[in-house]
1. Quick one: which residue in 4, 13, 32 is within 18 Å of residue 96 (Cβ to Cβ) and either assigned by TED's automatic domain parsing to the domain that holds residue 347 or surrounded by fewer than 17 Cβ atoms within 10 Å (Cβ to Cβ) (or both)?
2. Only one of 217, 169 is more than 26 Å from residue 302 (Cβ to Cβ) and either in the same structural domain as residue 333 (by TED's automatic domain parsing) or in a loop (DSSP other than H, G, I, E, B) (or both); which?
3. Among the residues of region 243-256, are any loosely packed, with under 15 Cβ neighbours inside 10 Å and modelled with pLDDT under 95?
4. Go through region 2-52 residue by residue and tally those that are touching a residue at least 40 places away in the same chain (Cβ under 8 Å), touching a helix residue (DSSP H, G or I) at 6+ places or on another chain (Cβ under 7 Å) and closer than 23 Å to residue 132 by Cβ.
5. Please give the number of the condition residue 130 fails out of (1) in the same structural domain as residue 75 (by TED's automatic domain parsing); (2) in a helix (DSSP H, G or I); (3) without any contact (Cβ under 8 Å) to a residue 24 or more places away in the chain.
6. Of the conditions (1) farther than 14 Å from residue 317 by Cβ; (2) in a helix (DSSP H, G or I); (3) touching a helix residue (DSSP H, G or I) at 6+ places or on another chain (Cβ under 9 Å), residue 58 satisfies every one except a single condition; which number is it?
7. Modelled with pLDDT of 95 or more and either more than 23 Å from residue 344 (Cα to Cα) or part of a helix (DSSP H, G or I) (or both): is that true of residue 39 in this structure?
8. So, residue 307, is that one under 24 Å from residue 125 (Cβ atoms) and touching a residue at least 60 places away in the same chain (Cβ under 8 Å) or not?
């Protein structure tokens with residue numbers, strides 16, 4: 001898989017921008033706050049229909065403009081594909097593949113697939129559960145495009161259910177709440193099943209990567225912590241079928257009914273779940289050093305590349321956003337040496353000093369300054 005070019009109109013600090021990506025190694029060089037990350041964010045949005053920086057779609061539009069456009073030509077499975085997204089709040093975004101509109105997220109996702117590794121990822125373990133859920137959901141959505149539609153359906157049901165819980169004291173509607181309970185449980189059970197499946201698959205790869213970086217001194221384990229099924233140990237437990245999870249979900253909703261009515265919100269479901277990372281039997285958030293936590297994330301990202309390639313049959317596009325400067329020399333070298341030659345890699349950096357002359361040989365280099373991009377000869 002390869003990204004051939006990117007075109008932007010009124011995206012972040014870019015009024016217009018057209019950038020070619022020849023070859024498999026591209027470097028974007030420039031000082032901070034010049035627009036390097038914005039370019040990677042646009043690529044990530046094409047792949048996931050969300051920003052890894054958070055916020056609403058309206059924040060992507062250049063100040064003073066009414067809408068923005070992201071376009072790209074990609075090459076996947078020996079086929080040229082044109083992608084276009086028009087963001088025009090409050091209207092629904094327009095998605096096009098080869099000039100034809102797509103009416104669902106699942107019919108657009110899966111064309112461009114990326115693995116993104118940025119500075120904020122290094123804080124993933126100490127971040128909020130919502131950060132880990134977003135990482136997991138974005139990763140799954142790319143390899144299983146229908147997952148995004150399931151997330152959106154679950155979110156709509158949960159919003160409707162929360163509104164009902166808020167009004168329940170004055171307007172009790174037991175039958176309607178039971179209907180929403182069933183819809184929530186069915187939708188949420190499928191989400192939990194796919195999360196278990198993905199984490200089980202990536203666990204095996206991440207553990208091997210982690211042992212290589214940590215010189216086989218530590219064992220890494222991933223645990224999915226669910227408000228519905230309890231802890232799912234990706235090493236010892238079997239993936240649960242949606243039907244079994246559904247039974248757990250229905251029982252959990254019944255057990256927590258009084259609490260939900262009192263709090264006037266849904267407290268059970270995948271929107272409250274989390275992922276834990278365990279080293280030698282201890283939670284990495286509480287016991288791992290900063291270096292150990294960064295090793296976990298590095299192993300996780302490298303595993304994500306391999307898992308994605310095994311599922312789609314091609315290497316995804318790798319986005320490295322200023323992350324090299326935050327890694328020590330050992331981890332930096334391990335990362336660069338682990339990237340396969342056929343993996344197109346786009347790297348942002350403030351300086352080329354961290355790269356050897358050999359690494360820079362035959363690499364495409366662009367300078368980014370105040371929303372303008374120039375090729376470096």
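The values are calculated or read from the model by the stated rules, or taken from the named source; none is laboratory data. Bear in mind the structure is a predicted one, so any value in this text is a computation, not a measurement. Heads up, the Cβs are rebuilt from the backbone with ideal geometry, glycines too, and the neighbour counts pull from every protein chain shown.
1. Working: 13 fails: within 18 Å of residue 96 (Cβ to Cβ); 32 fails: within 18 Å of residue 96 (Cβ to Cβ).
The match here is 4.
2. On the way: 217 fails: more than 26 Å from residue 302 (Cβ to Cβ).
Going through 217, 169 in turn, the sole match is 169.
3. The answer is no; no qualifying residue exists.
4. Result for region 2-52: 5.
5. With (1) in the same structural domain as residue 75 (by TED's automatic domain parsing); (2) in a helix (DSSP H, G or I); (3) without any contact (Cβ under 8 Å) to a residue 24 or more places away in the chain applied to residue 130, the lone miss is (1).
6. (3)
7. Working: modelled with pLDDT of 95 or more: yes; either more than 23 Å from residue 344 (Cα to Cα) or part of a helix (DSSP H, G or I) (or both): yes.
When the stated conditions are applied, residue 39 passes them.
8. Taking the combined requirement at face value, the residue satisfies it.
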